[in-house]
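Heads up: the structure comes next, in structure tokens.
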Amino acid sequence: AKKNSFERFNYYRPYMEEETQRRLHMVRRLRADFAARKLEVWYQPQVDLNTGCIIGVESLLRWPQSDGSFISPAEFIPLAEYSGLIVDIGAWVIEEACQQIRRFNERDYNNIRIAVNVSVPQFRMRDFPELIEQQLNNHQVNADRLELEITESIVMEDPDFVADILYRLKQQGIHVAIDDFGVGFSSLSYLQKLPLDRLKIDKTFVHNSSQDSGRIIIETIVDMAHRLGLGIVAEGIEDQQQLEYFKRLKCAEAQGYYFARPMPAEQLMKLLERENGD
Ligand code: C2E
Ligand code: CA
Ligand code: CA
Ligand code: CA
């Protein structure tokens, strides 16, 4: 048996090494490109389904490559988390968001909120709420213009710890949304205990909204959010049919390619100028 396990180990090793090397190389490149200020924050509008107005944007990281392509955050965020880089990158994203809110204010877009994705290692940092408070103060930005999107995985890690952090954020006026709601198989009891503002229905559910089974899940989530007094955002709306469906459910807000794709800040400002006729 011993010999067998050794052989098995040998059998997998070349593949594992290659994969590990590839990841290490990518982490090194990410660290260098972040230091060289080559990462970008793009923004995707969130729309009020009653008025059609843009009421917020989600900030989404982009890693441009020399050939003009982008490495997807779905691919490099896990590496940034595992290497610890996400702490600095995440702080920089919040910094960018504060500056962008200032730009909104200069144009009198005084109600547009920016949602920022937050990873577990950031959340676990000591004094995370104070760090954000300081950033908001430095830029003289109101806390209620910032929303943090956290996943169920953060909540499930250590509910008491998370509750403490969330209450401290809430005290400042920062909004908190649960991202990818429903995909985490987590307990629902935390919804009662934590000071949350919104749930984001994950796009995988939205894309199943033409099927009965998909609708049952969506309608249960929307109904529960309404009864708990939580706001709700449908993520990944791609067509008119999905839009009409969520309007019928009295879902207040939505985000998706149907309205706009994520875009660089300058492009967002142009879109807002057109919307506001200035
Ligand atoms: P997420 O937080 O669930 O973000 C929504 C993703 O859905 C984004 O992918 C967005 O571009 C995409 N999306 C929006 N509308 C549609 C649609 O109508 N159809 C389809 N098919 N997709 C749509 P993206 O930009 O590739 O980001 C992937 C993930 O990377 C995000 O998922 C988030 O988990 C993570 N991420 C991105 N930026 C950050 C960041 O600054 N910090 C952290 N911690 N994670 C980030
Ligand atoms: Ca998100
Ligand atoms: Ca999602
Ligand atoms: Ca996510």
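General remarks:
- Condition check for S153: open to solvent by 40 Å² or more (accessible area, probe 1.4 Å) and either in contact (Cβ under 8 Å) with a residue 40 or more places away in the chain or small (G, A, S) (or both): yes
- Counting the residues of segment 156-200 that are over 28 Å from C98 (Cβ atoms) and more than 16 Å from ligand 3 (Cβ to nearest atom) gives 10.
- Unmet requirement for I89, which otherwise passes all of (1) open to solvent by less than 50 Å² (accessible area, probe 1.4 Å); (2) within 29 Å of G52 (Cβ to Cβ): (2)
- The residue that is surrounded by the fewest Cβ atoms within 10 Å (Cβ to Cβ), counting only those in segment 203-225 that are within 22 Å of L148 (Cβ to Cβ) and not β-branched (V, I, T), is M224.
Per-residue answers, yes or no, for (1) of a type in the set (S, T, Y); (2) open to solvent by 30 Å² or more (accessible area, probe 1.4 Å); (3) closer than 19 Å to I237 by Cα:
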{"site": "R31", "(1), (2), (3)": "no, yes, no"}
{"site": "E40", "(1), (2), (3)": "no, yes, no"}
{"site": "P45", "(1), (2), (3)": "no, no, yes"}
{"site": "D48", "(1), (2), (3)": "no, yes, yes"}
{"site": "V57", "(1), (2), (3)": "no, no, yes"}
{"site": "D67", "(1), (2), (3)": "no, yes, no"}
{"site": "F76", "(1), (2), (3)": "no, no, no"}
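- Cβ-Cβ distances below 6 Å connect the following pairs, each with a first residue in segment 160-181 that is under 30 Å from G214 (Cβ atoms) and open to solvent by 30 Å² or more (accessible area, probe 1.4 Å), a second residue that is modelled with pLDDT of 95 or more and not aliphatic (A, V, I, L, M), and a separation of six or more residues or different chains: H175/E147; H175/D197.
- Some residue of segment 137-147 being out of contact with any helix residue (DSSP H, G or I) (no Cβ under 8 Å at 6 or more places or on another chain) and buried (at least 17 other Cβ atoms within 10 Å of the Cβ): yes
- Test: residue in segment 106-114 that is assigned to a strand (DSSP E or B) and within 16 Å of ligand 3 (Cβ to nearest atom): no
- Going through (1) within 16 Å of ligand 2 (Cβ to nearest atom); (2) surrounded by 14 or more Cβ atoms within 10 Å (Cβ to Cβ); (3) assigned to a loop (DSSP other than H, G, I, E, B) one by one, K200 falls short only on (3).
- Qualifying positions in segment 132-186 - small (G, A, S) and touching a Cys at 6+ places or on another chain (Cβ under 7 Å): none
- Qualifying residue in segment 238-251 (condition: open to solvent by less than 40 Å² (accessible area, probe 1.4 Å), within 16 Å of ligand 2 (Cβ to nearest atom) and not charged (D, E, K, R)): no
- Once segment 169-197 is narrowed to residues that are within 16 Å of ligand 2 (Cβ to nearest atom) and assigned to a loop (DSSP other than H, G, I, E, B), the residue that is modelled with the lowest pLDDT is G184.
- Within segment 110-124, the residues that satisfy the criterion of being out of contact with any helix residue (DSSP H, G or I) (no Cβ under 6 Å at 6 or more places or on another chain), of a type outside the set (S, T, N, Q) and either open to solvent by less than 50 Å² (accessible area, probe 1.4 Å) or at pLDDT 95 or above (or both) are A115, V118.
- Flag if Q140 is among the polar types (S, T, N, Q), at pLDDT 95 or above and in a loop (DSSP other than H, G, I, E, B): yes
- Residues in segment 224-278 that are of a type in the set (K, R) and in a loop (DSSP other than H, G, I, E, B) were compared, and the one that is nearest to ligand 1 (Cβ to nearest atom) is R261.
- Residue in segment 143-156 that is farthest from ligand 2 (Cβ to nearest atom), counting only those that are modelled with pLDDT of 95 or more and of a type in the set (D, E): D144
The values are calculated or read from the model by the stated rules, or taken from the named source; none is laboratory data. Keep in mind that what you see is a predicted model, and the values were worked out from it rather than measured. Because the Cβ atoms are built from the backbone with ideal geometry, glycine has one as well, and the counts that use them run over all protein chains shown. Areas reflect the complete protein model, heavy atoms only, side chains present, ligands, DNA and RNA absent. Shrake-Rupley method; radii C 1.70, N 1.55, O 1.52, S 1.80 Å.
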